[in-house]
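Novice: The structure's right below; bear with me while I get my questions together.
The values are calculated or read from the model by the stated rules, or taken from the named source; none is laboratory data. Computed from a prediction, not measured in an experiment: that's the story for all the values here. Cβ sites come from the backbone with ideal geometry, for glycine too, and all protein chains shown count toward neighbours.
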Amino acid sequence: MSIRLVLAFAAALALAAAPVWHEATPGYHYQFPRDHFEHQDFRTEWWYYTGNVVDAHGKRFGFELVFFRQGELPNNPNPSVWAITDLYLAHAALTDIDGKRFWYEERPNRQGPGIAGASFEKRRFWNGNWQAQWNGDHQELDAIADDFRFHLDLKPVKPPVINGEKGLSVKADGPGRASYYVSFPRLAVNGKIRVGTDEHAVTGQAWMDHEWFTEQLSSDQQGWDWFSVQFDNNTELMLFDLRRKDGSLDAHSSGTFVDVSGHARHLKQSDFTLTPLRKFGKYPVEWRIEIPSLKVNVTCRAALDNQELRSKNGGPNYWEGAVTYDGTNHGVGYLEMTGYEGAVHF
């Protein structure tokens with residue numbers, strides 16, 4: 001799932017005509033590789049990369065690279081390359097798990113003359129010199145920040161899966177309150193991470209999420225808690241709960257289980273239980289996850305408690321970071337928690 005919080009950074013623009021956007025509704029026919037890239041007839045879109053890697057000495061890192069697109073005026077008649085059609089935001093973060101350090105950078109941009117964008121033709125999405133470049137289904141990530149940089153090559157171990165039921169991930173009651181949601185649940189990672197003058201050759205695994213929609217949450221929903229899980233037995237899980245403003249959980253909370261062969265199974269709210277166990281400040285950084293039908297009972301623990309992304313540009317703050325899983329199964333993944341400093345709106 002994602003934030004994919006976003007694009008609260010985009011202040012409302014004075015537009016001459018109200019834009020008309022498509023909604024995520026049943027019956028969508030997915031076409032790959034085209035659907036891995038931009039959908040400019042939908043208002044909001046994001047591409048999320050998160051992963052856990054180690055160097056040759058066993059030093060552990062978590063990484064995140066995210067690209068957001070926020071549509072402002074489809075079919076803008078202004079011919080200028082500076083005309084506002086889409087706004088872009090990118091987040092890059094690195095967790096030095098053993099060194100107990102966390103770095104985060106964000107980058108807002110308009111599309112402009114090649115400054116930021118997403119392009120099926122170029123097989124690329126980018127924001128400045130941060131990018132995801134595709135070559136077939138291989139994906140090459142680059143991010144350069146003041147305190148860190150990384151260059152990572154990602155190769156799918158399993159094919160992409162479509163989350164939700166019948167191709168639609170429903171988030172709330174009402175037409176269009178849903179997204180089209182595709183994940184690469186396991187990507188093999190090879191590359192380099194640099195912190196200061198120290199460079200680390202790393203290997204590991206990553207998760208990639210891609211969602212596009214125009215409207216998702218309802219006015220009575222506060223935010224969500226999202227989990228990616230990559231177990232050592234070569235199965236994966238994606239789970240999210242949707243929290244209401246009154247403290248209850250929304251019935252549209254759901255998830256996906258991916259078996260060893262890559263087949264996906266939809267999970268309803270009644271199939272799993274997410275129980276917060278310990279907090280760091282306002283964020284639960286330890287959880288119990290129970291899925292009786294899969295005989296899963298694990299504890300999710302933050303690899304580092306302080307992995308909060310605090311916006312430097314007036315956007316919302318949220319927690320997203322590397323986690324470990326132990327219990328009936330063992331593995332790694334990422335946890336995202338939104339709406340703890342006010343409701344998230346889409």
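Novice: Taking the residues in segment 106-165 that are free of Cβ contacts under 8 Å to residues at least 40 places away in the same chain and of a type in the set (Asp, Glu) as candidates, determine which candidate is farthest from Arg43 (Cα to Cα).
Specialist: Asp153
Novice: Just one of Leu87, Leu73 is in a strand (DSSP E or B), over 19 Å from Met208 (Cβ atoms) and at pLDDT below 90; which is it?
Specialist: Leu87
Let's see how each residue does on (1) in contact (Cβ under 8 Å) with a residue 12 or more places away in the chain; (2) buried (at least 21 other Cβ atoms within 10 Å of the Cβ):
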{"position": "Gly223", "(1), (2)": "yes, yes"}
{"position": "Gln230", "(1), (2)": "yes, yes"}
{"position": "Met238", "(1), (2)": "yes, yes"}
{"position": "Leu242", "(1), (2)": "yes, yes"}
{"position": "Ser248", "(1), (2)": "no, no"}
{"position": "Ala251", "(1), (2)": "yes, no"}
{"position": "His263", "(1), (2)": "no, no"}
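Novice: Still on this model: Quickly run through segment 142-181 and pick out the residues that are within 26 Å of Glu105 (Cβ to Cβ), of a type in the set (A, V, I, L, M, F, W, C) and touching a strand residue (DSSP E or B) at 6+ places or on another chain (Cβ under 6 Å).
Specialist: Ala143, Ala145, Phe148, Phe150, Leu152, Leu154
Novice: Also, quick follow-up: Output the residue which, of all residues in segment 318-346 that are polar (S, T, N, Q) and out of contact with any Gly (no Cβ under 9 Å at 6 or more places or on another chain), is nearest to Tyr104 (Cα to Cα).
Specialist: Ranking the qualifying residues of segment 318-346, first place goes to Asn329.
Novice: Please specify each residue of segment 309-322 satisfying the condition of being crowded, with 17+ Cβ neighbours inside 10 Å and without any contact (Cβ under 8 Å) to a residue 40 or more places away in the chain.
Specialist: Hit for segment 309-322 is Trp319, nothing else.
Okay, residues lined up against (1) hydrophobic (A, V, I, L, M, F, W, C); (2) closer than 25 Å to Leu187 by Cα; (3) more than 19 Å from the chain's Cα centre (by Cα):
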| residue | (1), (2), (3) |
| --- | --- |
| Thr256 | no, yes, no |
| Val260 | yes, yes, yes |
| Ala264 | yes, yes, no |
| Phe280 | yes, no, yes |
| Arg288 | no, no, yes |
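Novice: List the residue pairs whose Cβ atoms are under 6 Å apart, where the first residue sits in segment 335-346 and is farther than 17 Å from Asp220 by Cβ, the second is at pLDDT 75 or above and among the hydrophobic types (A, V, I, L, M, F, W, C), and the two are 6 or more positions apart or on different chains.
Specialist: Correct list of pairs: Leu335/Phe227; Leu335/Val323; Glu336/Trp226; Met337/Trp319.
Novice: Looking at Asp232, Asp241, Asp225, Asp305, which one is farther than 20 Å from Met337 by Cβ, acidic (Asp, Glu) and touching a strand residue (DSSP E or B) at 6+ places or on another chain (Cβ under 9 Å)?
Specialist: Asp232
Novice: Of the residues that sit in segment 110-121 and are surrounded by 14 or more Cβ atoms within 10 Å (Cβ to Cβ) and assigned to a loop (DSSP other than H, G, I, E, B), which one is modelled with the lowest pLDDT?
Specialist: The qualifying residue modelled with the lowest pLDDT is Gly112.
Novice: Can you spot a residue in segment 165-174 that is within 16 Å of the chain's Cα centre (by Cα) and more than 27 Å from Thr203 (Cβ to Cβ)?
Specialist: Within segment 165-174, one or more residues are within 16 Å of the chain's Cα centre (by Cα) and more than 27 Å from Thr203 (Cβ to Cβ).
Novice: For segment 141-168, name all the residues that are over 18 Å from Phe32 (Cα atoms) and in a strand (DSSP E or B).
Specialist: Leu141, Asp142, Ala143, Ile144, Phe148, Arg149, Phe150, His151, Leu152, Asp153, Glu165
Novice: Condition test on Ser183, is it closer than 24 Å to Asn234 by Cα, under 16 Å from the mean Cα position of the chain (by Cα) and not in a loop (DSSP other than H, G, I, E, B)?
Specialist: Against the criterion (closer than 24 Å to Asn234 by Cα, under 16 Å from the mean Cα position of the chain (by Cα) and not in a loop (DSSP other than H, G, I, E, B)), Ser183 qualifies.
Novice: Which of the following residues is farther than 30 Å from Phe231 by Cβ and modelled with pLDDT of 95 or more: Arg43, Arg101, Arg34, Arg107?
Specialist: Arg34 is the lone residue from the list that is farther than 30 Å from Phe231 by Cβ and modelled with pLDDT of 95 or more.
Novice: With the structure loaded, tell me whether Gln131 is under 18 Å from the mean Cα position of the chain (by Cα) and surrounded by 16 or more Cβ atoms within 10 Å (Cβ to Cβ) or whether it fails that test.
Specialist: yes
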